[in-house]
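Here is the structure we will look at, set down as structure tokens.
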Amino acid sequence: MGLDTLFVGHTVINLDKVDSTNTYIHELLLKKAPAEGFVVCALEQYAGRGQRGNSWLSQPGTNLTFSILFEPRFLSPSNQFWLTKALALGVAEFVLSVIPAESVKIKWPNDIYVNDRKIAGILVENTLETSAIKFSIAGIGLNVNQESFDPLLKNVTSLKVLTGNSFDLSTCLEYICISIERYYLKLRGSDYKEIDDLYHKLLYRKDVLSRLSLNNRGFEGVIKGVLSNGHLLIDVKKDNEMTGNNVMEVSDVKHLVFL
Ligand code: BTN
């Protein structure tokens, strides 16, 4: 690809069709040792995987579906959420380069939203050793040129829907690799404060009263931030007041819904 990066995207495998680019790298790792920064990109995934056991649906040939191999041995397993934050910032920065700043957000833990609609999702799969992360496969699905979506997929959007323009997928891949590497290098350089500040600056619905539901129980609360272990902090509204004394720590993203 001749990319202007240190290592991300120096080797790219482009596939017409695969089950899942994350699975492709998992299987490759059993046979050989691709270098850190190795990228697999597919025009079509017939078993694309999302977070929490969901599938990832993407119209063939219109969007980016790709995975990057990282070897973040500098991170202990207890710090794995930092990688999630850095990856989300890398993807968000690319989207921000196309879309006006104020509307691009990171919805906890790592969905990229524009104007309350999801434009990208990230599936991070880590192989852990006792004291380090041995491998991390970062799978990214970014809606680029898709114009209409399955009605079952609510609140989704694409760069084309938002701008009216079509984008060249390999150029998008190059730029997204550059911005992901930028944040990965900040993480490798222990630039934790900058990553944390930026992540919180972009955090979806932070500091605004929201109607939420956890395990099917509706309540009102204000998202205050995300801890380094990845847990979300919500100040739950009680008796019409935000007291700050009633902060709930949520680890289970599956059962938290914005109403
Ligand atoms: C999510 O929001 O649920 C995460 C979606 C991640 C989708 C990407 S597409 C490329 C890579 N391969 C997969 O099977 N999943 C990720």
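Of note:
- Looking only at residues in segment 126-150 that are assigned to a strand (DSSP E or B) and more than 9 Å from the ligand (Cβ to nearest atom), the one that is nearest to ASN54 (Cα to Cα) is ASN126.
- Flag for GLY61 being in contact with a His (Cβ under 9 Å, 6 or more places away or on another chain) and assigned to a loop (DSSP other than H, G, I, E, B): no
- Helices (runs of 4 or more DSSP H) contained in segment 155-237 and holding at least 2 residues under 28 Å from PHE38 (Cβ atoms): 169-188, 192-202
- Residue tally, condition in contact (Cβ under 8 Å) with a residue 60 or more places away in the chain, among the hydrophobic types (A, V, I, L, M, F, W, C) and closer than 16 Å to GLY139 by Cα, over segment 3-26: 3
- Test for LEU198: is it open to solvent by 50 Å² or more (accessible area, probe 1.4 Å) and either over 19 Å from ILE122 (Cα atoms) or out of contact with any Gly (no Cβ under 6 Å at 6 or more places or on another chain) (or both): no
- Residue, modelled with the lowest pLDDT, within segment 122-148, restricted to residues that are open to solvent by 50 Å² or more (accessible area, probe 1.4 Å) and either more than 19 Å from the chain's Cα centre (by Cα) or under 23 Å from LEU96 (Cβ atoms) (or both): THR130
- Single match in ASN79, ASN115 (criterion: more than 27 Å from SER148 (Cα to Cα), open to solvent by 30 Å² or more (accessible area, probe 1.4 Å) and more than 16 Å from the ligand (Cβ to nearest atom)): ASN79
- Residue within segment 54-72 that is near the ligand (Cβ under 8 Å from one of its atoms), in the same structural domain as TYR192 (by TED's automatic domain parsing), in contact (Cβ under 8 Å) with a residue 24 or more places away in the chain and open to solvent by 20 Å² or more (accessible area, probe 1.4 Å) present: yes
The values are calculated or read from the model by the stated rules, or taken from the named source; none is laboratory data. These numbers were taken from a predicted model, which means no experiment stands behind them. So basically every Cβ, Gly included, is an ideal-geometry build from the backbone, and we count neighbours across all protein chains shown. With ligands, DNA and RNA removed, areas are computed over all heavy atoms of the protein, side chains included. Shrake-Rupley method; radii C 1.70, N 1.55, O 1.52, S 1.80 Å.
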